[in-house]
């Protein structure tokens, strides 16, 4: 067996959030799930979810992260814990010499992201923040820009309106009822996959989903965002109102090399769109422009008694998860960077932090 055929053995570090990342790891022929691990001090509901996933894949569940590091022959860790634990688990895995794949957001605190950058680079391991940069439309946009078809890029805009609910609509809480508890709401939402901001700390859409459009900006421009001006609102969801966090945002930004851009995003509710949302990329160059619909190619499916929760427009030719894992395998094999590495991830959190500060002060803010 050549080195390029050797399976990489993965430890799942907590699986309380979406399971699509460990599923993508398991689906790729270069990777193998070996065990699930978490801290013994984790709440019982966390242990229950971890155990259920481990049982489904017939792998052990170890209630001691460091013991799992020492007891198993591992190459990487897959972090899908509560958002505020992403970085701590990633640092511990890096210090154990493991490569890291992390669910988004990288963290709700920039200082935690700095810890990850230091640990990953000191231990010379590879890091991938999960993203959507290998969707067919994004690949085509990147190829078009890099080919110079629209000339030199000077401006970019992304619409990222995500058509999922976040519990009861705004205005639905009866007078006298208690505000919605963020963690309890996220735990309840796990059944239908709408638990995007799992954790104790409430997270608005800029923090939860901002990684995706900011990832597009990063991969299409190669430039860093240096200054932002932002307005936010809580327009759709009662859980966001009760926890004083955004579900709608508009961001204007300046970038390296004189580029400028804008981003409009939010969680706009399942009833608002037949697809996963209105997600488009607009790029302007010195010779022309392009408009890319992120969901395409897609096929529309409509029929009598169609379930309300079923998307009417289905993506096709989508190999994003496989290509992310292929990218990660190549990074391990060659030492090259991943498509969204630890520094990229840290910078996206820095942009979000500056954007949230700008929304509160109503002033432009430099990105730290």
- request: Go through the stretch 330-355 and count every residue that is over 16 Å from residue 102 (Cβ atoms) and in contact with a strand residue (DSSP E or B) (Cβ under 7 Å, 6 or more places away or on another chain).
  value: 3
- prompt: Do we have any residue at all in the stretch 174-181 that's surrounded by fewer than 20 Cβ atoms within 10 Å (Cβ to Cβ) and assigned to a helix (DSSP H, G or I)?
  reply: no
- prompt: Are there any helices (runs of 4 or more DSSP H) wholly within the stretch 37-148 with 3 or more residues that are more than 30 Å from residue 288 (Cβ to Cβ), and if so which?
  reply: 44-57, 65-71, 86-95, 110-123
message: Looking at the stretch 227-245 only, could you name the residues that are free of Cβ contacts under 8 Å to residues at least 60 places away in the same chain and either outside the structural domain of residue 204 (by TED's automatic domain parsing) or buried (at least 20 other Cβ atoms within 10 Å of the Cβ) (or both)?
response: 245
query: For the stretch 293-329, which residues satisfy the criterion of being touching a strand residue (DSSP E or B) at 6+ places or on another chain (Cβ under 7 Å) and assigned to a loop (DSSP other than H, G, I, E, B)?
result: 294, 295, 301, 312, 316
task: All but one of (1) in contact with a helix residue (DSSP H, G or I) (Cβ under 7 Å, 6 or more places away or on another chain); (2) surrounded by fewer than 18 Cβ atoms within 10 Å (Cβ to Cβ); (3) free of Cβ contacts under 8 Å to residues at least 60 places away in the same chain hold for residue 7, so report the exception by its number.
output: (1)
message: So residue 146 passes all but one of these: (1) surrounded by fewer than 22 Cβ atoms within 10 Å (Cβ to Cβ); (2) in contact (Cβ under 8 Å) with a residue 12 or more places away in the chain; (3) under 17 Å from residue 282 (Cα atoms). Which condition number does it fail?
response: (2)
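Going residue by residue through the stretch 189-198, is there one that turns out to be free of Cβ contacts under 8 Å to residues at least 12 places away in the same chain, under 19 Å from residue 267 (Cα atoms) and surrounded by fewer than 19 Cβ atoms within 10 Å (Cβ to Cβ)?
Scanning the stretch 189-198, I find at least one residue that is free of Cβ contacts under 8 Å to residues at least 12 places away in the same chain, under 19 Å from residue 267 (Cα atoms) and surrounded by fewer than 19 Cβ atoms within 10 Å (Cβ to Cβ), so the answer is yes.
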Count - residues of the stretch 293-339 that are farther than 11 Å from residue 135 by Cα, touching a helix residue (DSSP H, G or I) at 6+ places or on another chain (Cβ under 8 Å) and surrounded by 18 or more Cβ atoms within 10 Å (Cβ to Cβ): 3
- prompt: Among (1) in contact with a strand residue (DSSP E or B) (Cβ under 8 Å, 6 or more places away or on another chain); (2) closer than 26 Å to residue 131 by Cβ; (3) surrounded by 15 or more Cβ atoms within 10 Å (Cβ to Cβ), where does residue 32 come up short?
  reply: (3)
- request: Test each condition in (1) surrounded by 18 or more Cβ atoms within 10 Å (Cβ to Cβ); (2) over 20 Å from residue 320 (Cβ atoms); (3) out of contact with any strand residue (DSSP E or B) (no Cβ under 8 Å at 6 or more places or on another chain) for residue 43 and report the one that comes out false.
  value: (1)
- prompt: Is one or more of the residues making up the stretch 330-349 assigned to a loop (DSSP other than H, G, I, E, B) and on the phi > 0 side of the Ramachandran plot?
  reply: yes
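The values are calculated or read from the model by the stated rules, or taken from the named source; none is laboratory data. Predicted model only: the values in this text are computed from it and were never measured. When we count neighbours, we look across all protein chains shown, and the Cβ atoms used for this are built from the backbone with ideal geometry, even at glycine.
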